[in-house]
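The values are calculated or read from the model by the stated rules, or taken from the named source; none is laboratory data. Just so it is clear, the model here is predicted, and its values are computed rather than measured. Please note: Cβ atoms are built from the backbone with ideal geometry, for glycine as well, and neighbour counts cover all protein chains shown. SASA here: full protein model, heavy atoms, side chains in, ligands and nucleic acids out. Shrake-Rupley method; radii C 1.70, N 1.55, O 1.52, S 1.80 Å.
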Amino acid sequence: GNFEGIELLHRLWIDGSNLNQYEQGSLKSIKAIDHMIINLRNSNIFLEIVGDLLYSVTWLEVTEIKLPVEKKSLVQNTTHPFRIQKLTFKEALFTDQTISQTIVSLKNITSLKELEAINCVLKGQGRWDTTEIARSGQSFVETIMIKKAMIQNFHLFFDLEGMESQIHKLKRLTIASSNVFMVPCKLARNFFSLLYLDFNDNLLVNNRLNETICEGSWPSLQTLNLSQNSLKSLEQTAIYTSRLPKLNNLDISQNNFGDIPDVCEWPKPLKYLNLSSTQIPKVTACIPQTLEVLDVSGNNLKEFELQLPSLKELYLTRNQLKTLPGAAPIPNLVALSVRRNKLNSFSKEAFESFKRMEQLDASDNNFICSCEFLSFIHHEAGIAQVLVGWPNKYVCDSPLTVRGAQVGAVHLSLMECHRSLVVSLICVLVFLVILLLVALGYKYHMVWYLRMTWAWLQAKRKPKRAPPKDICYDAFVSYRENDSDWVENTMVRELEQACPPFRLCLHKRDFVPGKWIVDNIIDCIEKSHKTLFVLSEHFVQSEWCKYELDFSHFRLFDENNDAAILVLLEPIQSKAIPKRFCKLRKIMNTKTYLEWPAAEEQQQMFWFNLKIALRS
């Protein structure tokens, strides 16, 4: 009465490892249990508990049981319909005798469709009571799954001859991680109804596969899993599987083929092929064109250029691809996985070339977040719905400033995106600025100022006064070419023919040919006792006279002496003198200068005063 009042349970788990007594009928009060797990070590009460659960449990899971050797039947005379559909044994211990009895007993449970044995141990060599098993009739079980079965001395195990009649109606068979190295051809030919066969993680080799998949075997088989075995020849594997007339799904992954032929013979209906982690160096025409799903992940492939017109799903995970495969050879592709490759970007053209693409998994690649790639990602409509794992699995690897950031969250600056354009604009702007400076310099005599400053700095380094032995002239004459007639024909004749004569320095006559004119001016001024400026309207309007006067007045006027003599050939308005001649205007405003008289009677006094000034 412990379970009275409980009618419906989704799951019931009873740890009965210390259970010594069970009152029959105790669990019958529960009318429906979807999944029950019971741990039993006392095999004496096993049959009583199971007998009560056959009518209420959908899936019964029994762990750590050592099946008893009893003739008692599991099924009692009752009109109640069976509910149990699936029976699982975990870590159970079987012998040849108990397994024979279990097979016979389970045939009485007409509702049982699925049988599992996980981590179970079989002490025996396959000496089953096949006569009694055959006499008990057909089994109703359609699915058998055996995982990690341990058969002591499995190499001595019998070929199960006599069990052929018991497998006619079996539809799904899984024997994984159980050291299976072959299935006898005679037995294989009796799996008339088998649709699904899984031999994952066993010891199948190509030579034994010829026996396992012999002519006429597995006539209805549609799905075959031979992954993680010891197959070495892809060509032989293809030939053997071609004997299966209805096979459309084949998994031969995790076998070390190492090579792939150019041509292979496959089952004609084959649509799904898994060649992942098989060490094939490339893909060739060996792969059938009838495929709709192909998995060649984990093979270090560097390219994929196969013509597969019917292909809908392509898995290229863990390879060395740097670009997306071309869309033209696989025009009907719906799903593509290029996860964990060497893909650093993909373009709008490459993406849109797959007209029917619904899912693209390009995650876990080292993306170069270039401006073009980011522009495509940000502006491509609906790309977030197509990319699998977006946005968390799409991370920038470069540039360094955005490494580790999600691609969808990165926005580069104008400088980073259009570097060449920005540099070009900067160069154009710099050129225009330089051009503007040149124009301004030309208009405002910037070159003149620079040359004048340079000359002044050089002049500053020299002694303020040249030694007497270096004085060669009484005066250096600075004048405008328009005034050369008066200077050369009147003043020079008057002064150089005087008694005693004066020695004048004229640029036309005394400048050293080939020497920079500025140096000529400074040298002549320094070698002259005086500097005589012949001023006129022409003088102050002449650019070169401005240079000449300015190059000289730095030294002459800064010394605060009377080395400069000003001669006005004609009256000059103060406002007519350029602002750059500030010191000239100051001198003219503060010191006396000689003015050439128009009357002849006053000219003798002019020459007298000029000679006195030159000798002072």
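Among residues of segment 330-360 being among the basic types (K, R) and part of a loop (DSSP other than H, G, I, E, B), the one that is surrounded by the most Cβ atoms within 10 Å (Cβ to Cβ) is R339.
Contact map, segment 119-140: first residue within 17 Å of G162 (Cα to Cα), second residue open to solvent by 60 Å² or more (accessible area, probe 1.4 Å) and assigned to a loop (DSSP other than H, G, I, E, B), Cβ cut-off under 8 Å, separation 6 or more or different chains; pairs are Q125/N153; Q125/F158; G126/F158; G126/D159; R127/F158; T130/E161; Q138/K169; S139/K169. Within segment 406-438, the only residue that satisfies the criterion of being open to solvent by 90 Å² or more (accessible area, probe 1.4 Å) and touching a residue at least 24 places away in the same chain (Cβ under 8 Å) is H411. Counting the residues of segment 147-172 that are in a strand (DSSP E or B) and either open to solvent by 50 Å² or more (accessible area, probe 1.4 Å) or not assigned by the TED database to the domain that holds L122 (or both) gives 3.
Open to solvent by 60 Å² or more (accessible area, probe 1.4 Å) and not in a loop (DSSP other than H, G, I, E, B): does that describe E305? No, not satisfied. Looking across segment 230-259, the residues that are open to solvent by less than 20 Å² (accessible area, probe 1.4 Å) and in contact with a helix residue (DSSP H, G or I) (Cβ under 9 Å, 6 or more places away or on another chain) come down to L231, T237, T241, L247, L250, I252, N255, F257.
Candidates are the residues of segment 376-389 that are in contact with a helix residue (DSSP H, G or I) (Cβ under 7 Å, 6 or more places away or on another chain) and not in a loop (DSSP other than H, G, I, E, B); the one that is surrounded by the fewest Cβ atoms within 10 Å (Cβ to Cβ) is I383.
The numbered conditions (1) in contact with a strand residue (DSSP E or B) (Cβ under 6 Å, 6 or more places away or on another chain); (2) at pLDDT 90 or above; (3) open to solvent by less than 20 Å² (accessible area, probe 1.4 Å) are all true for A92 except (1). On the given criteria, is L294 outside any loop (DSSP other than H, G, I, E, B) and under 27 Å from S230 (Cβ atoms)? For L294, the condition - outside any loop (DSSP other than H, G, I, E, B) and under 27 Å from S230 (Cβ atoms) - is met. Got at least one residue in segment 310-329 being among the acidic types (D, E), out of contact with any helix residue (DSSP H, G or I) (no Cβ under 6 Å at 6 or more places or on another chain) and closer than 19 Å to D251 by Cα? Checked against the condition, which is being among the acidic types (D, E), out of contact with any helix residue (DSSP H, G or I) (no Cβ under 6 Å at 6 or more places or on another chain) and closer than 19 Å to D251 by Cα, segment 310-329 yields at least one hit. For segment 28-66, the tally of residues that are part of a loop (DSSP other than H, G, I, E, B), more than 57 Å from the chain's Cα centre (by Cα) and more than 20 Å from I6 (Cα to Cα) stands at 2. Checking the structure you have, find out if any residue of segment 501-517 is open to solvent by 10 Å² or more (accessible area, probe 1.4 Å), at pLDDT below 85, of a type in the set (F, W, Y) and in a loop (DSSP other than H, G, I, E, B). Among the residues of segment 501-517, at least one is open to solvent by 10 Å² or more (accessible area, probe 1.4 Å), at pLDDT below 85, of a type in the set (F, W, Y) and in a loop (DSSP other than H, G, I, E, B), which makes the answer yes. Only one of L343, L360 is closer than 28 Å to E416 by Cα, aliphatic (A, V, I, L, M) and touching a Ser or Thr at 6+ places or on another chain (Cβ under 9 Å). Can you tell me which? Residue meeting the stated conditions: L343.
Out of (1) open to solvent by 50 Å² or more (accessible area, probe 1.4 Å); (2) within 20 Å of L324 (Cα to Cα); (3) of a type in the set (S, T, N, Q); (4) in a loop (DSSP other than H, G, I, E, B), what's the single condition that is false for N392? Of (1) open to solvent by 50 Å² or more (accessible area, probe 1.4 Å); (2) within 20 Å of L324 (Cα to Cα); (3) of a type in the set (S, T, N, Q); (4) in a loop (DSSP other than H, G, I, E, B), only one is false for N392: (2). Looking only at segment 200-217, residues that are touching a strand residue (DSSP E or B) at 6+ places or on another chain (Cβ under 6 Å) and either under 19 Å from N248 (Cβ atoms) or β-branched (V, I, T) (or both) come to 1 in all.
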